[in-house]
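Novice: The structure follows.
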Amino acid sequence: MTEFRFDPIGIVHNSVAGPLDDIWAHIVSRIELDARFRPDALQGLTDFSHVEIVFLFHKVSPESIVTGARHPRGRADWPLTGIFAQRAKNRPNRIGITTCRLVSSSGTQIEVEGLDAIDGTPVLDIRPYMREFAPRGEAHQPKWATELMAGYWT
């Protein structure tokens, strides 16, 4: 298998020091691009209300990676579910993706609201959110997923 290397494009700055659940709705994060980028890398981004942030769960140790099934959040009352059927941080490549509200952009920094990444998280990519990339047709999910996410953005 070919080995790939990702170079982070920036870093997250916010008030959240460690992994937490169910707190993210009003967390404002600043993403600072690294020195290889100029302000024009963000030109036009403020024409969008939301951005997708691709980031690395950098505090997840290789020993805690899950490659099979587990109970989401360790809850035995939820079904045993494969890692690719959940959004857990202990994923094989430790990549997270979140759609956030874009608050502002200045120089080589943006502020977003609702990014579920902790302070110091490496950012791999920033993409504008476009409705046309949202699901086409009705989306559905299992009951346990609805229960799990009930307080996530509060």
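The values are calculated or read from the model by the stated rules, or taken from the named source; none is laboratory data. All figures in this text were calculated on a predicted structure; none of them were measured in a lab. Positions of Cβ are generated from backbone atoms using ideal geometry, with glycine treated the same way; all protein chains shown enter the neighbour counts.
Novice: I'd like the full set of residues that are within 14 Å of Cys100 (Cβ to Cβ), within 13 Å of the chain's Cα centre (by Cα) and not hydrophobic (A, V, I, L, M, F, W, C), limited to region 9-49.
Specialist: If the condition is that a residue be within 14 Å of Cys100 (Cβ to Cβ), within 13 Å of the chain's Cα centre (by Cα) and not hydrophobic (A, V, I, L, M, F, W, C), then Ser29 is the only one that fits.
Novice: Hey, another quick one. Do the conditions hold for Gly10, that is, is it under 23 Å from Leu148 (Cβ atoms) and surrounded by 12 or more Cβ atoms within 10 Å (Cβ to Cβ)? Working first, answer last.
Specialist: Details: under 23 Å from Leu148 (Cβ atoms): no; surrounded by 12 or more Cβ atoms within 10 Å (Cβ to Cβ): yes.
When the stated conditions are applied, Gly10 does not pass them.
Novice: Can you confirm whether Gln109 is touching a strand residue (DSSP E or B) at 6+ places or on another chain (Cβ under 6 Å), at pLDDT 95 or above and surrounded by fewer than 16 Cβ atoms within 10 Å (Cβ to Cβ)? Walk me through how you get there before you give the answer.
Specialist: Working: touching a strand residue (DSSP E or B) at 6+ places or on another chain (Cβ under 6 Å): yes; at pLDDT 95 or above: yes; surrounded by fewer than 16 Cβ atoms within 10 Å (Cβ to Cβ): yes.
Considered against the rule, which asks whether it is touching a strand residue (DSSP E or B) at 6+ places or on another chain (Cβ under 6 Å), at pLDDT 95 or above and surrounded by fewer than 16 Cβ atoms within 10 Å (Cβ to Cβ), Gln109 comes out as yes.
Novice: While we're on this one: Restricting attention to region 86-107, report how many residues are over 22 Å from Pro62 (Cβ atoms) and either assigned to a helix (DSSP H, G or I) or in contact with a helix residue (DSSP H, G or I) (Cβ under 6 Å, 6 or more places away or on another chain) (or both). Before you say what the answer is, go through the steps one by one.
Specialist: Going through region 86-107, the residues over 22 Å from Pro62 (Cβ atoms) turn out to be 98-107.
Those left that are additionally either assigned to a helix (DSSP H, G or I) or in contact with a helix residue (DSSP H, G or I) (Cβ under 6 Å, 6 or more places away or on another chain) (or both): 105, 107.
Total meeting the criteria: 2.
Novice: Let me ask something else about it. For Phe6, state whether it is more than 19 Å from Tyr129 (Cα to Cα), out of contact with any Leu (no Cβ under 9 Å at 6 or more places or on another chain) and assigned to a loop (DSSP other than H, G, I, E, B). It would help to see each step written out before you state the result.
Specialist: Working: more than 19 Å from Tyr129 (Cα to Cα): yes; out of contact with any Leu (no Cβ under 9 Å at 6 or more places or on another chain): no; assigned to a loop (DSSP other than H, G, I, E, B): yes.
When the stated conditions are applied, Phe6 does not pass them.
Matching residues to (1) closer than 24 Å to Glu32 by Cβ; (2) charged (D, E, K, R); (3) under 18 Å from the mean Cα position of the chain (by Cα):
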site	(1), (2), (3)
Arg94	yes, yes, yes
Phe133	no, no, yes
Gly137	no, no, no
Gln141	no, no, no
Trp144	no, no, no
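Novice: Would you call Ser49 among the small types (Gly, Ala, Ser), touching a residue at least 24 places away in the same chain (Cβ under 8 Å) and closer than 26 Å to Arg131 by Cα?
Specialist: Working: among the small types (Gly, Ala, Ser): yes; touching a residue at least 24 places away in the same chain (Cβ under 8 Å): yes; closer than 26 Å to Arg131 by Cα: yes.
Yes: the conditions hold for Ser49.
Novice: Now for a separate question. When you look at Arg73, is it charged (D, E, K, R) and in contact with a helix residue (DSSP H, G or I) (Cβ under 7 Å, 6 or more places away or on another chain), yes or no? Break it down stepwise before answering.
Specialist: On the way: charged (D, E, K, R): yes; in contact with a helix residue (DSSP H, G or I) (Cβ under 7 Å, 6 or more places away or on another chain): yes.
It is true that Arg73 is charged (D, E, K, R) and in contact with a helix residue (DSSP H, G or I) (Cβ under 7 Å, 6 or more places away or on another chain).
Novice: So Arg131 clears everything in (1) of a type in the set (Lys, Arg); (2) surrounded by fewer than 11 Cβ atoms within 10 Å (Cβ to Cβ); (3) in contact with a helix residue (DSSP H, G or I) (Cβ under 7 Å, 6 or more places away or on another chain) except one condition, right? Which one?
Specialist: (3)
Novice: Yes or no: region 129-144 includes at least one residue that is at pLDDT 95 or above and in contact with a Leu (Cβ under 8 Å, 6 or more places away or on another chain).
Specialist: no
Novice: Here's another thing I want to ask about it. Please find, among Ala85, Ala17, Ala69, Ala25, the residue that is among the aliphatic types (A, V, I, L, M), farther than 21 Å from Pro128 by Cβ and loosely packed, with under 12 Cβ neighbours inside 10 Å.
Specialist: Numbers: Ala85 fails: loosely packed, with under 12 Cβ neighbours inside 10 Å; Ala69 fails: loosely packed, with under 12 Cβ neighbours inside 10 Å; Ala25 fails: loosely packed, with under 12 Cβ neighbours inside 10 Å.
It is Ala17.
Novice: In addition: Scan Ile97, Ile126, Ile83, Ile65 and give me the residue that is more than 16 Å from His13 (Cα to Cα), among the hydrophobic types (A, V, I, L, M, F, W, C) and either in contact with a strand residue (DSSP E or B) (Cβ under 6 Å, 6 or more places away or on another chain) or touching a residue at least 40 places away in the same chain (Cβ under 8 Å) (or both). Outline the logic, then answer.
Specialist: Numbers: Ile126 fails: more than 16 Å from His13 (Cα to Cα); Ile83 fails: either in contact with a strand residue (DSSP E or B) (Cβ under 6 Å, 6 or more places away or on another chain) or touching a residue at least 40 places away in the same chain (Cβ under 8 Å) (or both); Ile65 fails: either in contact with a strand residue (DSSP E or B) (Cβ under 6 Å, 6 or more places away or on another chain) or touching a residue at least 40 places away in the same chain (Cβ under 8 Å) (or both).
After ruling out the rest, the residue left standing is Ile97.
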